Structure formats: structure tokens, C-alpha cells
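Notes to accompany the following structure.
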Amino acid sequence: MALPTQLAHYHGALQKRSRITQAQEHAKLEDARSQPASTTQCSSFGSIITFGAGLSVMGFLTGFESCVVRVRGLPFDAHEREIYALFTQQGIDKARLYLKTNRVVEDGSREVEMVMDSDAGAALSVGLDMLEFRDRSLSFEVHDHTVPGKMARLSVKDADVLTVSWREPSVGYIVTLTSLEEAHRVAQELDGSVCFGRRLKAAMYVPLRFTSGSAPLAPLVRITGVPVSATDSDIRDLVGADLVHLHRSGVVCANVNPFNVIRVAAFATGCRDKADIISIDRTESTDELLRGFIQLRARFRTWDQAKRVYDYLIGIKLAHGTLCRVLHSFPLSFTITIPILQYIAQRFSWNELHQSASEAGQDHCRLSTNELPGEPTIQISLSGGDPAIVGPLKVKVEELAASGELVSGWHPRLAQLEYREGPFVNRALVESGAFICVDQQRQQIRVYGSPEAIARGRTIVQDELARLAGPSQTQVARVPREAARDFMMRGVPELCEHLGEENVHFDPATCVLTTSGGAETRHLIFRVIFTHAAPVEPRIPAGARDVCPICYDAVQAPVRLACGHTYCTPCLRHFLRSAIDSDKFPLTCMGDEARCGVPIPIHHIECFLSKQLYSRLLQAVFRTYIARNPLTVRYCKTPNCQQVYRVASQDVPRPVPTKCPDCLVVVCPGCNQGAHEGYTCAEHLARTDPEEQERLVDLWVTDQGGRVQRCPQCRLPLEKTAGCNHVTCRCGVHICWRCWGISSESADEIYKHMRSEHGGYS
Ligand SMILES: [Zn+2]
Ligand SMILES: [Zn+2]
Ligand SMILES: [Zn+2]
Ligand SMILES: [Zn+2]
Ligand SMILES: [Zn+2]
Ligand SMILES: [Zn+2]
């Protein structure tokens with residue numbers, strides 16, 4: 001192909017710039033050839049997917065059915081192959097294993113996390129601790145499979161424990177002192193002091209004088225919180241001053257047996273057996289403020305029992321009039337950490353979540369935030385007892401935490417500290433109300449906040465990117481006359497899409513293309529002209545050996561696939577890069593006018609795409625797979641939950657319910673409804689779906705051969721057992737059974753009808 005001069009110039013510049021990338025591509029390709037992998041795996045939304053050639057989905061393991069096995073104590077030089085072998089030797093299929101993390105920890109040993117079938121994990125965990133690796137003994141733990149960006153599950157040790165405390169019975173004293181100074185001193189000394197193991201309260205007051213001229217009344221000190229066992233002489237010693245008068249007051253009652261308080265509550269709430277209460281212990285609090293409190297820890301067999309006792313005790317007044325304080329923890333507990341600035345930018349949305357959490361009630365779930373001093377992050381914790389309340393809230397928290405909007409564009413200078421934290425981010429927050437998160441690893445910019453703040457933040461980012469990119473340049477290129485038509489139809493729209501309509505101008509008369517944009521647009525313009533402005537004639541020079549299946553031209557920089565077809569390197573790269581926007585998977589060879597159809601080997605796909613693009617492509621393939629296979633795999637039924645589960649085969653009448661690891665909802669894999677213990681999917685559908693119920697009743701009615709009919713007014717099935725043809729329905733309507741449909745509000749009318757039409761009542 002003859003390149004126009006301008007084009008040739010761009011080509012040269014481009015070649016120089018891309019020489020390094022080409023060398024890398026070449027190295028990757030060589031690497032892949034020496035060790036071609038026939039399958040590859042990726043983790044997407046909690047599922048582990050295995051892909052074959054052309055990225056066809058070979059198999060998958062959903063988050064619903066997987067667990068994570070953490071292995072500690074491996075030698076630092078343990079090879080990935082050996083780690084896999086550890087599990088494949090136990091009979092686990094390699095396609096159902098996924099090495100999630102693999103790192104060397106502080107003590108120099110290697111620690112890995114392997115995702116696998118929860119059944120396999122459970123079976124394995126029994127014998128795991130016996131396994132050895134090169135004479136080292138390893139430690140194994142089995143965990144839930146959680147996904148990055150989701151809330152981490154906290155292990156709750158004492159969910160079945162209640163802490164119950166109440167103030168011990170106490171008495172009060174009123175002490176009359178001789179002088180104001182004395183009273184002041186005594187009150188100050190005694191208030192907050194500890195006496196007989198109890199913290200006292202003391203306050204001075206001066207009674208009002210009623211008649212003028214009489215002697216001033218003596219000042220008083222009121223002491224409260226005195227243990228019942230204290231005597232008058234104890235108080236005299238304590239005050240240590242000349243007393244005019246001593247008056248003992250307050251509640252005196254028989255001491256309650258603390259253990260009975262909990263036992264009574266337990267039996268009142270349905271604990272039938274002593275075994276339901278595992279233990280009750282009296283604890284001594286070291287906390288000064290808790291002096292004078294009786295504190296017990298009661299452990300129950302289940303969390304539900306602990307919760308019922310909690311509900312019973314909360315707000316209960318004991319015999320001496322003091323309130324019980326009861327604390328319990330929740331069995332479900334999750335936490336996630338986000339930047340404080342993000343929390344500030346999103347505070348209205350977070351407040352709404354706090355609001356909906358408190359509407360559910362403190363007793364059902366708690367959403368709390370915890371700022372760690374000196375840390376730029378904030379910890380958000382969610383806990384509760386009922387998965388139906390906690391699960392959806394958890395999804396909302398995760399959604400908000402991840403709700404940043406992506407701003408396209410990146411500049412290497414954004415890696416500088418100024419952009420990650422500090423001046424730029426702070427200025428943007430003050431000016432726009434949005435938090436701008438510069439993610440160096442993914443080379444992405446995300447903006448968090450209210451929709452208006454995000455719009456303002458987006459402008460700030462775009463301005464900054466434009467400033468970093470330098471002044472915009474005008475590019476001029478000439479398109480060959482014979483290709484102008486093709487270029488206008490396809491090339492110009494593509495350029496407009498990338499650069500914006502206002503920055504693209506093509507004059508059909510002169511065939512000159514003028515564009516404006518940063519330096520990086522030159523590459524794009526070259527590619528578009530290259531793709532859409534190839535001269536029509538002659539397409540294939542005489543004597544050309546290979547024709548590229550994409551550009552139908554003589555191959556340049558050839559890449560040969562296993563099927564024998566040869567592509568130009570830029571064409572194949574462009575084809576694979578654009579595959580992400582199509583849904584034509586698996587990716588197959590376009591040779592022989594697209595009839596070849598041999599899947600493109602994975603190593604070719606991988607080495608032409610960046611790591612990010614490659615993983616996005618894998619995810620797009622799996623999303624397409626989910627959409628095309630609703631009888632195999634489905635999204636979790638909670639809105640916005642990204643987990644998928646495997647649909648049970650149709651000949652399983654009672655599929656085992658399965659729990660979503662993210663939102664905790666329990667799903668029946670047969671009918672996508674909630675769990676329905678004791679019923680088949682069909683029975684459950686009939687019980688919950690009114691239309692289905694109606695359909696079944698209709699079927700049954702026709703089966704009864706006229707013995708049963710539906711009321712013409714309320715559709716209730718009616719049965720005529722014997723006797724006259726006058727039938728009254730529960731809805732009050734009177735019906736003639738012989739000519740169904742004749743109905744009336746009055747019985748007389750029906751009798752009249754039966755006499756005149758049928759000559760009688762039977
Ligand atoms: Zn080509
Ligand atoms: Zn082929
Ligand atoms: Zn879910
Ligand atoms: Zn079902
Ligand atoms: Zn009726
Ligand atoms: Zn009739």
C-alpha cells in the first residue's frame with residue numbers, strides 16, 4: 001500500500017515511539033509460544049472463571065459455592081505449580097482452584113489464599129493440618145470468599161454472650177453541718193470518692209430561710225450511692241467534721257440474687273433446659289466508673305436465645321428500682337475502610353444510610369463509623385442479627401463506598417504525591433465538594449460526592465488533565481481522494497466520538513482533515529486514517545503471498561495463528577482491542593471471509609492487550625456468558641448485588657438453598673426465589689404467585705367435571721353437593737346452578753327464574 005506523504009510521516013514517528021512496546025509484545029509472544037497456556041482464569045465479582053481458546057467459558061465457580069483456604073508457613077521459594085499440586089493431589093480439579101493471593105510475609109515464609117469449592121474446602125479442612133510441604137508443616141484456615149471492595153466479615157467471638165449490669169442497692173444520707181465552709185469542703189471531698197468499694201455522689205445545698213430576722217439555717221450535704229451495709233458511724237468517720245444531724249434515707253431492700261435475674265429472664269423467654277444457658281459469671285470490672293455495679297456475663301447456646309433474653313431484660317426495673325443495662329453483640333459483623341475525605345464528600349448519602357439503619361432499630365442492626373487518630377481513613381462497621389436487614393444494608397454501604405464516577409484520561413504526573421493527597425485533592429474538595437481519588441495502580445481517576453459535586457469535580461479534573469497535557473495542537477492530514485467517501489462515512493464519526501465534534505473538521509473538496517487536541521491525538525488520527533482511508537485500488541498487489549483477513553490487504557508485520565491465517569500486527573491488535581465492545585464471543589479467526597472460525601489462542605489475545613484491557617475483556621466475556629445462559633447461571637436476586645449463583649438442574653425437585661456471600665440473602669437455585677423449606681419450587685411458586693395459584697385452581701376446576709364451578713362474581717370455587725339448584729356463594733350472590741352465570745342479589749329473583757325457566761327448583 002502506498003502511503004501518502006503525511007501519512008508516511010506519521011507512520012515513521014509512530015514506529016519510533018512504539019518500537020519499545022513492539023519489543024515488549026514480541027517478548028511476551030515468544031514467552032507465550034514457549035509455554036502456551038491452553039486455559040486461563042480470572043476472578044470477576046466473586047466468581048472464578050476458566051477460559052479456553054478464543055476466551056470461551058470452560059467452567060466457573062461462583063462466590064456462592066466457594067471458600068478461601070489460607071495456607072501459612074510455605075517456604076518463600078515455593079513455586080506456584082507446587083502450591084497447586086498441594087491441592088490437586090487431594091483430588092481437586094485444577095479448573096476449580098484459583099490462587100487469589102500469594103505473598104511473602106514478615107517472618108520470611110510464604111502465605112497463599114486459594115479459592116475453591118466450599119464442599120471441597122470443607123472436606124479438605126479435616127485432613128489439612130496433616131499435610132506437609134518439603135518437610136515443613138503448614139497451617140490451614142478455611143474462610144468465606146469475600147471480594148475486594150466489599151465489606152470484610154469480622155469474626156464475632158461472643159455473639160451468644162450477654163453482659164448484664166445494674167447498680168447495686170444503695171442508701172442516701174443528709175448531713176447537717178455547722179458552717180458553710182465546712183459543708184463546701186465535705187461536699188467537694190466526698191463527691192466522686194470511693195467508699196466501701198462504691199463511688200459516692202455528694203452535693204451541698206443551703207435551705208431557704210423562711211422568715212427574715214431568724215438565724216440562718218445550717219447548710220446540708222446530700223450523699224448518695226452509699227452501700228446498704230454502711231452504718232451511721234461509718235458516715236460520721238467519713239465526713240470527719242462536727243455534725244449537727246445525720247439522716248439516713250433512700251432505698252433499702254433485700255438484695256436480689258444476681259444469677260436469678262438472668263435465670264428468670266431466660267426461662268421467661270423460652271429457655272427450657274439448663275443446657276440452654278451455658279454459663280453465668282459475675283465479673284469484676286476494673287473500670288472505676290463501674291464501681292457500684294453488679295456485672296454478669298451470661299453465655300447462651302444460641303444467639304437467638306441471647307437476643308430474646310436481651311429483649312426481656314432491656315428496660316426492666318429490678319426490685320430496688322434500678323434499671324438493667326444489657327449489652328449484646330451481633331453474629332453478623334462487617335467492616336470497610338474508606339478515605340475520610342470521601343466520607344466528607346458523601347456525608348449526605350452516609351447520613352441517609354445511618355438513618356435507615358436506625359429506623360431498623362438499635363436492636364436489629366448498628367451502623368457505626370470509627371475514625372482512627374492520625375489515619376486518613378475512616379472505618380465503617382455494620383452489624384446485626386437478621387440477614388434480611390443486614391444484607392441489603394451491606395450492599396448499600398458497599399455501593400456507596402464504590403460509587404465514584406470514573407473520569408476518563410490519565411497523565412503520568414498524577415502519580416505525584418500532590419495529586420494523591422494534599423493540595424490538589426484538598427483544593428478540589430473545597431471548591432467542588434467532591435473527593436477526587438487518584439488511583440495510581442489502576443491509573444484511574446474517580447470522583448465521589450453528590451451528583452452536583454461530581455459534575456464540578458469532573459470539570460476540575462478535566463481542566464487539570466488539559467493543563468498537564470500542554471497546549472492543544474492542530475493536526476493537518478490529507479486523505480487520498482479515492483478513499484474520501486469511505487473516510488467520511490466511518491473515519492470522521494469515529495474521530496468525533498473521541499475528540500468531540502468541535503475538534504474535527506474534514507473538507508471533502510480538498511480532502512484535508514484538520515483536528516485539534518493534545519499531542520496524544522496524533523496516534524489516534526493516524527490509526528483512523530489508516531483504517532478508513534485505505535486506497536480502494538489496487539487492494540492486493542500482484543505477488544502478495546498473504547492477505548490479512550481484517551484489512552484485505554497484503555499483510556504487514558505478519559502474525560500467524562495456529563489455523564494458518566496471517567494478520568497484520570496492527571489489524572489483529574485493533575480487532576482484539578475492539579472485541580470488548582462486541583458480544584461476539586468466543587473470539588475466532590476471521591480468515592476465509594470469516595468462515596475459518598478457529599478460536600484465537602489465549603496467548604495471542606493476552607499479549608496484544610494491556611493488563612487492564614485484558615481483564616476487562618475477560619469480565620465482558622463472562623457478563624455475556626451470564627446473559628446468554630440464564631438456565632445455567634444467574635445474578636443474585638438482591639438489586640445491585642454482583643454475585644452470581646449456579647442454577648439447579650430442572651430435574652432436582654428440591655434444590656438446596658444457597659447463601660450469597662455478599663448480601664447474605666438465601667436463594668433457591670431452582671426458582672430464584674427465597675428459600676422455601678418443605679415445598680418444591682412449583683409448590684412455592686403456587687403459594688406466592690397469585691396468577692400461578694389461579695391457573696392451578698382453573699386446572700382443578702375443569703378436572704372436577706362440572707361438580708365444581710367458579711362464582712361468577714368473586715371467582716371462588718363452589719361445589720353443589722345435593723338438593724336444589726339454587727346456590728349461595730360466600731360473597732352473597734345467588735346463582736342458578738343449571739344456567740351458570742345467572743345471578744342476583746336476591747334469592748327470590750333466582751327462585752322466580754328457576755320456576756319460569758326450569759319449572760322447579762331441582
Ligand atoms: Zn491487516
Ligand atoms: Zn484461521
Ligand atoms: Zn447477593
Ligand atoms: Zn425453588
Ligand atoms: Zn362469590
Ligand atoms: Zn337457570
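Beta carbons closer than 6 Å, at least 6 apart along the sequence or on distinct chains, pair a first residue in region 724-743 that is among the hydroxyl-bearing types (Ser, Thr, Tyr) with a second that is away from ligand 3 (no atom under 16 Å from the Cβ) for Thr728/His734; Ser743/Pro712; Ser743/Val733; Ser743/Ile735.
Screening region 368-406 for residues that are more than 17 Å from the chain's Cα centre (by Cα) and not in a strand (DSSP E or B) and picking the one that is nearest to ligand 4 (Cβ to nearest atom) gives Gly385. Within the set Ser43, Ser118, Ser38, the sole residue that is touching a Gly at 6+ places or on another chain (Cβ under 9 Å) and at pLDDT below 85 turns out to be Ser38.
Residue-wise test of (1) among the polar types (S, T, N, Q); (2) more than 16 Å from ligand 4 (Cβ to nearest atom); (3) at pLDDT below 80.
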site: Glu482; (1), (2), (3): no, yes, yes
site: Asp486; (1), (2), (3): no, yes, yes
site: Gly491; (1), (2), (3): no, yes, no
site: Thr510; (1), (2), (3): yes, yes, yes
site: Asp546; (1), (2), (3): no, yes, yes
site: Leu572; (1), (2), (3): no, yes, no
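Scanning region 665-703 for residues that are within 30 Å of Cys724 (Cα to Cα) and open to solvent by less than 50 Å² (accessible area, probe 1.4 Å) gives Val697, Val701. Restrict the check to region 712-729 and report whether at least one residue is in a helix (DSSP H, G or I), away from ligand 4 (no atom under 16 Å from the Cβ) and within 30 Å of Ala686 (Cβ to Cβ). Checked against the condition, which is being in a helix (DSSP H, G or I), away from ligand 4 (no atom under 16 Å from the Cβ) and within 30 Å of Ala686 (Cβ to Cβ), region 712-729 yields no hits at all.
Taken as a whole, the condition of being in a strand (DSSP E or B) and either away from ligand 3 (no atom under 16 Å from the Cβ) or farther than 23 Å from Gln693 by Cβ (or both) applies to Ile735.
Cβ separations smaller than 7 Å between residues 6+ apart or across chains give no pair from region 550-562 residues that are on the phi > 0 side of the Ramachandran plot to residues that are assigned to a loop (DSSP other than H, G, I, E, B) and crowded, with 17+ Cβ neighbours inside 10 Å. Between Gly732, Gly706, the distinction of being under 57 Å from the mean Cα position of the chain (by Cα), loosely packed, with under 13 Cβ neighbours inside 10 Å and within 14 Å of ligand 5 (Cβ to nearest atom) belongs to Gly732 only.
Within region 74-85, residues that are closer than 20 Å to Glu141 by Cβ reach partners that are among the basic types (Lys, Arg) and open to solvent by less than 90 Å² (accessible area, probe 1.4 Å) with beta carbons closer than 6 Å, at six or more positions or on different chains, in the pairs Leu74/Arg110; Phe76/Arg110; Ala78/Arg110. Checking the stated criteria, Leu617 turns out to be open to solvent by less than 10 Å² (accessible area, probe 1.4 Å) and closer than 30 Å to Leu400 by Cβ. The set of residues in region 560-574 that are within 13 Å of ligand 2 (Cβ to nearest atom), more than 14 Å from Ile602 (Cα to Cα) and buried (at least 19 other Cβ atoms within 10 Å of the Cβ) comprises His565, Tyr567.
Search region 642-664 for residues being touching a strand residue (DSSP E or B) at 6+ places or on another chain (Cβ under 8 Å) and open to solvent by less than 10 Å² (accessible area, probe 1.4 Å), and hand back the single one that is farthest from ligand 2 (Cβ to nearest atom). That would be Leu664. Summed over region 407-428, residues that are among the charged types (D, E, K, R) and assigned to a loop (DSSP other than H, G, I, E, B) total 1.
Results for (1) modelled with pLDDT of 80 or more; (2) more than 30 Å from Ala648 (Cα to Cα), shown as yes or no for each residue.
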| position | (1), (2) |
| --- | --- |
| Glu683 | yes, no |
| Thr688 | no, no |
| Leu696 | no, no |
| Thr702 | yes, yes |
| Glu719 | no, yes |
| Val727 | yes, yes |
| Glu745 | no, yes |
| Ile750 | yes, yes |
| Glu757 | yes, yes |
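Before we move on, is Phe506 open to solvent by less than 20 Å² (accessible area, probe 1.4 Å) and either of a type in the set (A, V, I, L, M, F, W, C) or modelled with pLDDT of 70 or more (or both)? Judged against the criteria, Phe506 is not a match.
If only residues of region 632-661 that are at pLDDT below 80 and among the hydrophobic types (A, V, I, L, M, F, W, C) are counted, the one that is nearest to ligand 5 (Cβ to nearest atom) is Val652.
The values are calculated or read from the model by the stated rules, or taken from the named source; none is laboratory data. The shown structure was predicted, so the numbers you read here are calculated from the model rather than taken from an experiment. Here Cβ is always computed from backbone atoms with ideal geometry, including for glycine, and neighbour counts include all displayed protein chains. Areas reflect the complete protein model, heavy atoms only, side chains present, ligands, DNA and RNA absent. Shrake-Rupley method; radii C 1.70, N 1.55, O 1.52, S 1.80 Å.
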